[in-house]
1. For the range 399-533, how many pairs of lysine residues have a Cα-Cα distance under 20 Å, where the two are 8 or more positions apart or belong to different chains?
2. For a Förster distance of 35 Å, can you work out the FRET efficiency between the beta-carbons of Asp466 and Val497, rounded to the nearest 0.05?
3. Sort Ser461, Ser5, Ser77 from largest to smallest accessible area, using a 1.4 Å probe on the heavy atoms of the protein chains.
4. Read phi for every residue in the range 153-167 and hand back ³J(HN,Hα) as whole Hz from Karplus 6.51 cos²θ - 1.76 cosθ + 1.60, θ = phi - 60°, with x for Gly and Pro.
5. So who's got an amide H within less than 5 Å of the one on Val23, skipping anything under 5 residues away but keeping other chains? H placed 1.01 Å off N, in plane.
6. Please identify the trypsin sites (Lys or Arg not before Pro) of the range 155-233 that satisfy two criteria: DSSP loop assignment and at most 12 other Cβ atoms within 10 Å. Which are they?
7. Return the loop-located trypsin sites (Lys or Arg not before Pro) in the range 492-525 (DSSP other than H, G, I, E, B) with at most 12 other Cβ atoms within 10 Å of their own Cβ; answer none if there are none.
8. Of all the stretches in the chain, which is the longest one without any exposed loop site, taking GluC sites (Glu not before Pro) in a DSSP loop (any state but H, G, I, E, B) with at most 13 other Cβ atoms within 10 Å?
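The values are calculated or read from the model by the stated rules, or taken from the named source; none is laboratory data. Everything numeric here is computed off the predicted structure, so don't read it as measured data. Cβ atoms come from the backbone with ideal geometry, glycine included; neighbour counts cover every protein chain shown. Please note that ligands, DNA and RNA were not included when accessible areas were found on the heavy atoms of the full protein model with its side chains. Shrake-Rupley method; radii C 1.70, N 1.55, O 1.52, S 1.80 Å.
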Amino acid sequence: MNTPSFPADLVRDVSRRRTFAIVSHPDAGKTTLTEKLLLFGGAIQMAGTVKARKSSRHATSDWMEIEKQRGISVTSSVMQFDYGGHTINLLDTPGHEDFSEDTYRVLTAVDAAVMVIDAAKGVEAQTIKLLEVCRLRNTPIITFVNKMDREVREPFALLEEIESVLKIDCAPISWPLGMGKGFRGVFHLLQNRLLRFTPGEEKRGGETETVEGIDNPRLAELFPEEVKQLRADVELLSGASVPFDLDRFLAGTQTPVFFGSGINNFGVQEILQALVEWAPAPQPRAAGARLVDPREPGFSGFVFKIQANMDPRHRDRIAFFRVCSGRYKPGMKVQHPRVGRELKIANALTFMANERVASQDAVAGDIIGIHNHGQLQIGDTLTEFTTAGEALSFKGIPYFAPELFRYARPRDPFKAKPLQKGLQELGEEGAIQVLETATGNTLLGAVGPLQFEVVAARLQSEYKVDAVYDAADIHTALWLTFPDETTRRNFERDQAVRLAKDVDGNPVFLAPNRPVLQVTQERWPKVGFHAVREHGEQMAQGRASR
Ligand code: G4P
């Protein structure tokens, strides 16, 4: 592409960025893979570092009291490391009890995702949800089928399941030779060679032994029992499976599939290689009026996550900010279009694998942490593009329909005001969704159960409010759009008891169960029911994400 107008240093640095997240169901092996990737990247020296953090939490990330009590990560973090001449940003997606809207939002800040599938279990619930979110932005997906050292499902059946359940075409890149105790390695279909698996050896980081060519007689010597099956599989694959197509991968419609064993460090390097070779560098992003090219000199980006109490001594909040163009320099001044003010970013942070340091330099794809005293919200754009009077606003930071609900009320009725203030602020921060029902109750909505605990703990420590959380018999809450005023009025009259408003005043439908939702949708075919809405978007105007 002809890029004479972009500064050469930015063109170079942006092309070296790879920003991705790992999506998986709990226990599929995300933590293990993260750790091996960091080992390869030289970001950690010792296996067990990430694992230890998962169970006991490392001091630097032990930001919230609740995190310590539960021994889990409430909040997701960012890890930057170098590999193969590239700067890789790995964004963690909280997955166990700490599954929350942050998990979803992180996926809006990445350019690619690695999907880990437990080969014994196949496609699981949380993976399905996360892939739906990836699909909102057509994020390219690399698939790692993990735990081949166990007795697992048949590989063809796994591919079929991925294709049918996740609606994405699979292009196998490596193919397993055996499984469980009989796992002998993978045949790399593009490189036409076998990577041999020797249990235990890869753990020590030894070179993987290879055998070139599927017809190599050495294969029959090494694996007299298995070679026939492997050759038959490879022949079948060359005829039946779709070849890897970079454009389709980049469009999010095809996923390259690798088989391996994270715990044995087997197949991990191929994932890194695929990220570096195939995953996209930061791409132009829609920002309202126009697309912003990551190589443009003007600095811009957006907040995708706010983390509270990173340092309890200062009660500070950190806004996680994805740079979309230009270059961050300490002390730079930027525009904050939502509030119409200038903001100085004094000492932003860069997140390394196990520490956070003062950021000196960041370009598109990088994540910086900005100290936030309430001036930043999720979805906020900061930009240097001011001369042309542009009001840029990056799109695509969604709210997701909550799935878990509680009514909140103060234990002490005189504390109604501080409760409301606390919930308003926590709602704006994105910790939880706060809905006001037509009957005047405050309803909290979450996608992960821990969100309620975090909010309860923070209301107590930051707002000194002890609240009572009552069960709410609600199945889901969907945003509404109406074709015209009359329909809106009629619907609101008819469904008054099931209506609520979100923090921005958008109308929401509270469905007590699936059949009621279905019947209502059938009765009101022109009314839009939406599971996703973008931050700052006014649903009443009829715009919806989906
Ligand atoms: P998660 O972050 O996705 O939740 O998964 P995590 O990496 O913690 O892995 C979940 C379990 O699966 C762990 O076992 C881990 O050791 C195991 N595991 C990960 N990759 C592989 C693999 O390639 N082969 C086999 N056989 N197991 C794998 P655990 O018993 O829960 O923990 P631990 O005691 O082993 O640490």
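1. Values: Lys415/Lys464; Lys417/Lys464; Lys417/Lys501; Lys421/Lys464; Lys421/Lys501; Lys501/Lys526.
Counting lysine pairs in the range 399-533 gives 6.
2. On the way: r = 29 Å, r/R0 = 0.83.
With R0 = 35 Å, the Cβ-Cβ based efficiency is 0.75.
3. Descending order: Ser5, Ser461, Ser77.
4. Rounded to whole hertz, the list is 7, 5, x, 5, 5, 5, 4, 4, 5, 4, 5, 7, 7, 8, 6.
5. Residues meeting the criterion, in which the H sits 1.01 Å from N, are Val114, Met115, Val116.
6. Values: sites: Lys167, Lys181, Arg184, Arg193, Arg196, Lys203, Arg204, Arg218, Lys228, Arg231; in loops: Lys167, Arg184.
Qualifying residues, ordered by number: Lys167.
7. Values: sites: Arg493, Arg498, Lys501, Arg523; in loops: none.
Nothing satisfies the criteria.
8. Numbers: sites that count: Glu151, Glu207, Glu209, Glu225, Glu355.
Excluding the exposed sites themselves, the longest stretch runs over 356-546.
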